[in-house]
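Enquirer: Provided herewith is a single structure, encoded as structure tokens, for subsequent inquiry.
Any read-out appearing in this document is the output of simple, stated calculations on the displayed coordinates, not a laboratory observation. No experiment lies behind these values; they were computed from the predicted model shown. Every residue, glycine among them, receives a Cβ derived from its backbone with ideal geometry; neighbour counts consider all protein chains shown.
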Amino acid sequence: MTARVSFITANQAPVSARHLFAGGDPGPLVSSWAQVPEMLDVTLPFVGMIMGASSVSVRHKELVILRTSALMQCRFCINAHTEVAVDVGLNELEIRALRGELAVGDVFAMPSEIALLRWIDAVATGRGAVADDIATAFAGHFQDHEVVEVTMLIGATLMLNRYASALQLPNSAESIDRLQQAGYETALTNQGAIA
Amino acid sequence: MNAVLDAMENGTISRRVWFYANYHCNLECSYCLTESSPRAPRRQLDHSLMKSLTRQAADLGFTEVGVTGGETFLDLALPATLAEMSESVPVIVLTNGTLFAGDRLERLAPMLGRQISMQISLDSANPDLNDMARGPENFAKVVESIPRLINAGHRVRIASTGQAPDEESQEALCTLHRSLGISDDDHVVRPIVRRGRGATFDGSVPAGPDELFPELTITADGAFWSPFAPTVSNDHVDTDLLVSRTVEPLSVPAQRLVALAQGRPVGSDVANNIR
């Protein structure tokens, strides 16, 4: 699968983006955003803040990102965040459930995480308002500032999912190799129904 | 907008804004920064945009506009556009000077009496050396064209590009331009820049952010660091000196250029004479 946009290389990196290429290939998101340096300048800090360390735990963030990416069938993001999920300590069953290969209800048992997953599913795939029972359950386990962060993270992930899928961004060969050695399918685009 | 004006006043950025009107050319010079030729993609800048940005430039405090290419006068509508632009600030337009005979000369009439000067390329007093880089009969066309333009009332400058000439060659060139009616003040000499087709020239000078004075330059592909920045390599516009894709309002790329330029030692480009 060939990417539908060209990537800026280190020797063509705009002045304002050179530092991002100094340590080697910054990956297809940054290398494509660098086509528009003024957009890169604001998008990268935004994505970094939304996806990086904050008051929402890393585990919950990966639940959001991997689950949303699977719902949106974003191959690039599923692969990238399967790796992240492994690195931050999610177990294989949890990862496979988030990827849609298992029913999340069979794997996740904590009420807070069930509420979170239902919120993710509703926000990522729904239209219009989220059902009261889902919103009430979610709000019962998370404070307002966490509700804000999680919901923004779902939205940002949706944006990245569509961007990466539409432009057919590639995962690195090293990433694909690592996932395949761990037994994960890397070419998947279909994910199962919401549990 | 004070940051932009302050940056001009303290010499951080140039007071001149450049526009790349187009990239195609009737010539195919061996050292061309933009790989221009009759076959090159035109990448034309919309004239209404150039006029609007010139007005914005004046409002921001820029005091001069430069128009370059490609061969700018391949676009027959350019003289009228330059005339309108010059109502805001003085305009200098770069040209190879080979197209100004007959009707083409008459088409320049809208520029007369305006604050517009034309900068014509002439690299050597030796026709063979000049034409080796710029193409057959270029020398003859240019030395015919310059007096014709001056007699018609146009202000003309000459720019000579190449490796530093020896004293004898330099004197011959100056004797020639004086004989054509061009004063020493209106003759600029500049090196071949190591970009575009000039990238492989022995003796070309490097041209990165450390060497190039920041001069906001607008093209159909975005705003760049300097008129030496939006070069073309292997048919692709180089992005290493891209400031922004946004060109309007002009304040957006102007403010980004200031931010990028701040902290550069002022005048660090002078040694290379590539302002």
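Enquirer: Being among the hydrophobic types (A, V, I, L, M, F, W, C), away from every other protein chain (no Cβ under 14 Å) and in contact with a Cys (Cβ under 9 Å, 6 or more places away or on another chain) is the requirement here; does A:LEU66 meet it?
Expert: So A:LEU66 passes the test.
Enquirer: Taking A:ASN11 and the conditions (1) exposed (fewer than 13 other Cβ atoms within 10 Å of the Cβ); (2) more than 14 Å from every other protein chain (Cβ to nearest Cβ), which numbered condition does it fall short on, given that it satisfies the others?
Expert: Only one criterion is unmet by A:ASN11, namely (2).
Enquirer: Here's another thing I want to ask about it. Are any residues in segment A:63-94 more than 25 Å from A:VAL147 (Cβ to Cβ), of a type in the set (A, V, I, L, M) and surrounded by fewer than 23 Cβ atoms within 10 Å (Cβ to Cβ), and if so, which ones?
Expert: Listed by number, the residues that qualify are A:VAL86, A:LEU93.
Enquirer: Can we say A:VAL47 is closer than 30 Å to B:GLN255 by Cα and more than 14 Å from chain B (Cβ to nearest Cβ)?
Expert: yes
Enquirer: Of A:ALA34, A:ALA53, which residue is surrounded by 17 or more Cβ atoms within 10 Å (Cβ to Cβ) and of a type in the set (A, V, I, L, M, F, W, C)?
Expert: Only one candidate passes the filter, namely A:ALA34.
Enquirer: Moving on. Determine whether segment B:38-45 contains at least one residue that is of a type outside the set (Ser, Thr, Tyr), in contact (Cβ under 8 Å) with a residue 12 or more places away in the chain and touching a helix residue (DSSP H, G or I) at 6+ places or on another chain (Cβ under 8 Å).
Expert: no
Enquirer: Within segment B:66-95, how many residues turn out to be surrounded by 18 or more Cβ atoms within 10 Å (Cβ to Cβ) and part of a loop (DSSP other than H, G, I, E, B)?
Expert: Of the residues in that region, 7 qualify.
Enquirer: Just to verify a result, which residue in segment A:20-41, among those that are within 12 Å of chain B (Cβ to nearest Cβ) and free of Cβ contacts under 8 Å to residues at least 24 places away in the same chain, is nearest to the chain's Cα centre (by Cα)?
Expert: A:TRP33
Enquirer: Among the residues of segment B:74-91, is there at least one that is of a type outside the set (A, V, I, L, M) and closer than 23 Å to B:ALA7 by Cβ?
Expert: yes
Enquirer: Looking only at segment B:229-260, filter to residues that are within 9 Å of chain A (Cβ to nearest Cβ) and part of a helix (DSSP H, G or I); which one of those is surrounded by the fewest Cβ atoms within 10 Å (Cβ to Cβ)?
Expert: Out of the qualifying residues, it is B:ALA259.
Enquirer: Further, regarding this structure: Considering segment B:211-228 alone, what residues qualify as being within 13 Å of chain A (Cβ to nearest Cβ), surrounded by fewer than 24 Cβ atoms within 10 Å (Cβ to Cβ) and closer than 18 Å to B:THR54 by Cβ?
Expert: B:GLY222, the sole residue that qualifies.
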